[in-house]
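For reference, the structure discussed in these notes is given below.
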Amino acid sequence: MASGKPGAVQVERGVAGVKFSSIDRLAAALKVDPAELFTTELPSGALKRRELTNLVARLSAFSGGDLAWIHQLIEVAVKPRRGQVD
């Protein structure tokens, strides 16, 4: 019975993946943030910051190379400027 869609067993084995839209629907049905399906070690209050959740959702579509480039941009943006005191 091959429907072309990954079954739960295939996903659990790591043989197949799940689209983010499916993860989002599952999280909505469970009334949790999608990030809660992946880890229990989230910073306090992170799930209450909708901007963070939206950013993670957008970043999930980028390639590894693009993510590395975005990481470098963020590092430059948050680097303390000369003469600035923390």
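The values are calculated or read from the model by the stated rules, or taken from the named source; none is laboratory data. Note that the coordinates shown come from a computational prediction; the quantities given were computed from them, not determined experimentally. Using ideal geometry, Cβ is built from the backbone for each residue, glycine included, and neighbour counts are taken over all protein chains shown.
The figures follow:
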| read-out | value |
| --- | --- |
| Test: residue in region 34-44 that is at pLDDT 80 or above, surrounded by 12 or more Cβ atoms within 10 Å (Cβ to Cβ) and not hydrophobic (A, V, I, L, M, F, W, C) | yes |
| Lys31 vs. criteria out of contact with any Asp or Glu (no Cβ under 6 Å at 6 or more places or on another chain), at pLDDT below 75, exposed (fewer than 10 other Cβ atoms within 10 Å of the Cβ) and among the charged types (D, E, K, R) | no |
| Among (1) loosely packed, with under 10 Cβ neighbours inside 10 Å; (2) assigned to a helix (DSSP H, G or I); (3) at pLDDT 80 or above, the one test that Ala61 misses | (2) |
